[in-house]
Amino acid sequence: MDDEPLKNWAERRDAKIGRLRAVLVVSGDGPRASHLNPDAPRAIERWNGHTWEPHGFAANLAEAKAILYPETDEPSPPGPVPKPLGSGTGKHRKPQAPRPDGGGRAQG
């Protein structure tokens, strides 16, 4: 059997310390999926390396997402951001044929 060294496992476990999760606060055997109850309250829990401990409270799914993913609250840039072309000619690009007049556009 090829066991993982304990040091690697401990580093992987410690990297998760401080991670947050939102847990639905519902009673009984009702649906637990967050998208089914977007208005239900959530308990925010924090991983301490051994167990999930209470960290906070959110009134609904939108508030929980704002707590879990604060970097997404920043406004996104308007419209799609154009991707610059990479270097090289690429197979899909046609090579430009040399022009007899020096390559400039004709003035007209």
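Assorted remarks:
- Sulfur and carbon atoms: percent of accessible area, the range 1-52 [1.4 Å]: 52
- Lys7 accessible area, 1.4 Å probe, all protein chains in place, Å² to nearest 10: 140
The values are calculated or read from the model by the stated rules, or taken from the named source; none is laboratory data. Computed from a prediction, not measured in an experiment: that's the story for all the values here. These accessible areas exclude ligands, DNA and RNA; they are computed on the full protein's heavy atoms, side chains included. Shrake-Rupley method; radii C 1.70, N 1.55, O 1.52, S 1.80 Å.
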